[in-house]
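The values are calculated or read from the model by the stated rules, or taken from the named source; none is laboratory data. No experiment lies behind these values; they were computed from the predicted model shown. When we count neighbours, we look across all protein chains shown, and the Cβ atoms used for this are built from the backbone with ideal geometry, even at glycine. Ligands, DNA and RNA are excluded from the accessible area calculation, which covers all protein heavy atoms including side chains. Shrake-Rupley method; radii C 1.70, N 1.55, O 1.52, S 1.80 Å.
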Amino acid sequence: MNRRALILDELGLSPVWVRKEILAELQAKPVEPVHVAVASNSPAPRPQGFSPVAVAAHQALAPLVSSPAKFTPPPAQILPANDPVEDERSLRIARMNWEELNAAVSTCTACPLCEARQKTGGQTVFGSGPMQANIMVIGEAPDADEETQQTPFLGDAGKLLNNMLATIGEDEQVYKANILKCRPPNKRNPQAAEVLQCAPFLKRQIELIQPKTLLLTGRFAMKTLLESDEPVSVLREKLQQYKQIPLVVSYNPSYLLRNLPDKSRAWHDILRLKAALKNSRH
Ligand code: SF4
């Protein structure tokens, strides 16, 4: 038996290919003692009863044969950047019941919008509609009227939304909520840090309501739940999903009031919503 076969035999390995130069190096190299670890974190006991050939073989083959002793577990899975707040606060929110959630929102100070709210004597807008809703409509943030009445989707935009839902006979079992529960000053857009802090409330609302379908209006709502930077015009073209709930993307009703040509597109979105709802009932 040649030296290579002896080595493999000693290790109890079936023959493997070993580069000639490594074998030559192996033959030329003085034998050094090696340790074989039995567990990655425990001190390695020195092997007993190994011949010098086996010890040398271990050194030579180590780069070629993966050893359990050298296995390093892969790093823990990193959560997607936009499922962020898997921290203590969001985990606490994720365990709340409806009343606890409502109370937590009404006293929330997690983002700077609470300062404006407190300064102006404003209030949070939790959402409105029946808990047994078939459809959950999600917008961006309350405006001044909505803040006063603590109801999302009021005014002309709200009327437009209601009319569209009424045409498919689905204006009753609808729950409406926003990504942000506090009003941003001067009608400005929601900011990323605000959305990050407020999103766990909305996600818990969805879990508790378990609507049959979701209607997302506007890009901030979309970015939060779909974790996508694609424009509304792209994402609205097909049915999406959020945690296995069919989800339709459409334009914000306030935007539609200013951009009449997109109204017909929004009408197609409502028809898609109707179809998704029908499928969910089968
Ligand atoms: Fe809290 Fe949301 Fe209001 Fe910010 S917007 S203070 S996160 S409830």
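General remarks:
- Charges were assigned to the Cβ only: +1 to each Lys and Arg, -1 to each Asp and Glu. The resulting dipole of segment 96-145 about its Cα centre is roughly 100 debye.
- What a 1.4 Å probe finds exposed on segment 158-282 is 48% carbon and sulfur by accessible area, rounded to a whole percent.
- Overall form of segment 125-214 per C-alpha gyration tensor (a/c, 1.5; a/b vs b/c): oblate
- Translational D in µm²/s for segment 220-282 (Stokes-Einstein at 4 °C, 1.567 mPa s, Kirkwood Rh from C-alpha pairs): 105
- Sorting the segments 241-253, 216-228 by their residues' average number of neighbouring beta-carbon atoms within 10 angstrom, most packed first, yields 216-228, 241-253.
- FRET efficiency estimate (nearest 0.05) - Cβ-Cβ, residue 128 to residue 187, R0 25 angstrom: 0.75
- When only Cα pairs below 8 angstrom with a gap of at least 6 residues are kept, segment 115-280 shows a relative contact order of 25 percent.
- Charged neighbours of residue 98, selected by a Cβ distance under 13 Å, balance to -1 (K, R count +1; D, E count -1).
- FRET efficiency for residue 230 and residue 98, using Cβ-Cβ distance with R0 set to 30 Å, rounded to 0.05: 0.40
- A cut-off of 5 Å between modelled amide H atoms, ignoring neighbours fewer than 5 places along the same chain, links residue 189 with no other residue.
- Separation of segment 107-136 and segment 206-238, taken as the distance between their Cα centroids, equals 19 angstrom.
- Cα gyration tensor shape for segment 174-253, rounded if a/c is under 1.5, else prolate or oblate: oblate
- Cβ-placed point charges (K, R +1; D, E -1), dipole of segment 150-269 about Cα centre in debye, nearest 20: 300
- Within segment 149-212, trypsin sites (Lys or Arg not before Pro) in DSSP loop having at most 12 other beta-carbon neighbours inside 10 Å: 188
- Modelled label reach - residue 167, point 7 Å along Cα→Cβ, segment 238-282 residues with backbone N closer than 13 Å: 261-274
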